[in-house]
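Trainee: Structure in structure tokens, see below.
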Amino acid sequence: MGCEKAWELMMNRLDGEIGKRDLMMLENHLRVCPGCRRQKDALDAALRELEGSRPAAPASIERKVMDRICGPRRRETAPLLPYAVLPAALLTGMLAILMHGLFASSPVIVIEKAVRVLDLCHKVLSALAAVLRFIINTPFIGEIMAVAGLALVAGIIAFIFAGSGKKGDSGVYWRAVK
Amino acid sequence: MDDLALVRRCLAGEKEAFEPLVSKYKNLVYGIALNILHSRDEAADAAQEVFLKAWANLGRFNPEYSFKAWIARIAVNHSINASQKHKRSASAAWDEEAVRRVPADSGLPEEELLSREEQDRVKLAIESLPEMYRLMIILFHQQSLSYEEICQVTGYPLSIVKNRLYRARKMLCERLKGYFEGAGEEEAEWAAKKHGS
């Protein structure tokens, strides 16, 4: 087999269109022809490099494209979530103290502590009631109640809209934006 | 889910269905753009524009063709247009692309240096091919497009695609043969010295 035929077979090999017999003939030729072997090595190295160096697109492409198509993505984090962190932390702390008391001392001590906490709550509520009594006795009680009512309604509306604002048009949530 | 089903969902107004298509083909589009524009930033911008063009023209997508070939075609056309706008020299492009050229005193093992040198030679050889041939090599060997898909991308008949790929391989081989001959001789010399000593 001549070098031209060998080159043709090399091309067929790259296209995945070479039979066993032709492959064997090519291999035999490459064994005895250093020129064709060098060509094959050069080509193999080039194609290996090409296949191994497939460029990876920046990760931000999807976000940028989808932002342009759908508008900026909303964050999945609920807007009111940060406000829930402090009360949750306080509640967890109180529970932790109570549980610690329960396991570290006798149930009688835990009951005494609970009574003390209840007593404290009673005092706080009494102070609140005194403030309310003072407010109710003022001549502006009507205005104060109206403002409080409006604030309550506005708060409820804001909460409902903040909750529904997380969803997209189709109701599918976007992944959290980092 | 296959591409056609996603395209249909997009056409039905479900914008989010386009995202899997972007994820699936972003490397292909970016790879084509990078090979034509030789700049990461420009290629990233071009990739974005290609997807936006595809989105805007999704209604004109012919389901008889593959989405892969269609998006690749948009990428090729867009990148060639962009490249004509910002014509630049190939050598500057390689520099900008930060080809991994390793200085002699980099402290790397000799084998690694040789391998990197080989990579650089290969890259330069590919870069030196005329654009129409380079594109064939990139689409077939780097982006793994079939002959049929390359025909759809370029709009050429199969005979021309095959012929150009054949020539591209031949040119690549010619450009690299010298380097491999040199390397082969050096290797033989080293082996002779080793056996002689």
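Trainee: How far apart, in nanometres, would the label points at A:GLU112 and B:HIS86 be if each is projected 7 angstrom from Cα along the Cα-to-Cβ direction?
Mentor: Spacing of the two 7 Å Cα→Cβ label points: 7.8 nm.
Trainee: Once the other residues with Cβ under 11 Å from the Cβ of A:TRP7 are scored (Lys, Arg +1; Asp, Glu -1), what is the net sum?
Mentor: +3
Trainee: At 7 Å along Cα-to-Cβ for each site, give me the label-to-label distance between B:LEU58 and A:CYS70 in nm.
Mentor: 1.1 nm
Trainee: Would you please give the FRET efficiency between B:GLU174 and A:TYR83, computed as 1/(1 + (r/R0)^6) with r the Cβ-Cβ distance and R0 = 56 Å, to the nearest 0.05?
Mentor: 0.20
Trainee: Step through the table entries A:LYS20/B:LYS68; A:LYS20/A:LYS40; A:LYS40/B:LYS162; A:LYS64/B:LYS68; B:LYS24/B:LYS53; B:LYS53/B:LYS123, compare each Cα-Cα distance with 27 Å, and write down the pairs that go over it.
Mentor: A:LYS20/B:LYS68; B:LYS53/B:LYS123
Trainee: Compute the Cα gyration tensor for the stretch A:3-52, then decide on rounded, prolate or oblate, letting a ≥ b ≥ c be the square roots of its eigenvalues: rounded whenever a/c is under 1.5, prolate when a/b is larger than b/c in the other cases, and oblate in all that remain.
Mentor: Verdict is oblate for the stretch A:3-52.
Trainee: Measure off 7 Å from each Cα along the Cα-to-Cβ vector at A:HIS100 and B:TYR156, then give the distance between these two points in nanometres to one decimal.
Mentor: With each label placed 7 Å out from Cα toward Cβ, I get 7.7 nm.
Trainee: Find, among the GluC sites (Glu not before Pro) in the stretch B:21-66, those assigned to loop by DSSP (not H, G, I, E, B) with at most 10 other beta-carbon atoms within 10 angstrom.
Mentor: In loop regions of the stretch B:21-66 (DSSP not H, G, I, E or B), the sparsely surrounded GluC sites (Glu not before Pro) are B:GLU64.
Trainee: Right, another one. Using 0.36 nm times the number of residues separating A:LEU120 and A:ARG133, minus their current alpha carbon distance, what extension gain do you get?
Mentor: 2.7 nm
Trainee: Work out the charge dipole of the stretch A:3-52 with +1 on the Cβ of Lys and Arg and -1 on the Cβ of Asp and Glu about the Cα centre, then indicate which of A:ASN28, A:LEU50, A:TRP7 is farthest towards its positive end.
Mentor: A:ASN28
Trainee: Assuming R0 = 41 Å, can you tell me the calculated FRET efficiency for the pair B:ALA5 and A:ASN12, based on Cβ-Cβ distance, to the nearest 0.05?
Mentor: Efficiency at R0 = 41 Å is approximately 0.70.
Trainee: Order these by the 10 Å Cβ neighbour count, fewest first: A:TRP7, B:TRP55.
Mentor: Taking fewest neighbouring Cβ atoms as first place, the list is B:TRP55, A:TRP7.
Trainee: Let me ask you something else. If I stretch the segment between A:ARG31 and A:ALA158 completely, what's the gain in nm (0.36 nm per residue apart, minus their alpha carbon distance), one decimal?
Mentor: Difference between extended and current length: 37.7 nm.
Trainee: Turning to a different aspect of this structure: Rounded if a/c is under 1.5, else prolate if a/b beats b/c, else oblate: with a ≥ b ≥ c from the C-alpha gyration tensor eigenvalues square-rooted, which is the stretch B:1-98?
Mentor: prolate
Trainee: Counting other C-beta atoms within 10 Å, which of B:HIS141, A:HIS122 has the fewest, and how do the rest follow?
Mentor: A:HIS122, B:HIS141
Trainee: Excluding B:ILE32 itself, what net charge comes from residues whose Cβ is under 13 Å from its Cβ, given Lys and Arg +1 and Asp and Glu -1?
Mentor: It works out to a net charge of +1.
Trainee: In whole percent, what relative contact order does the stretch B:1-75 give with Cα contacts below 8 Å and a gap of six or more residues?
Mentor: That works out to 32 percent.
Computed from the coordinates by the stated procedures, all read-outs in this text should not be read as laboratory data. Source: prediction; values computed, not measured. Cβ: placed from backbone, ideal geometry, glycine included. Neighbour counts: every protein chain shown.
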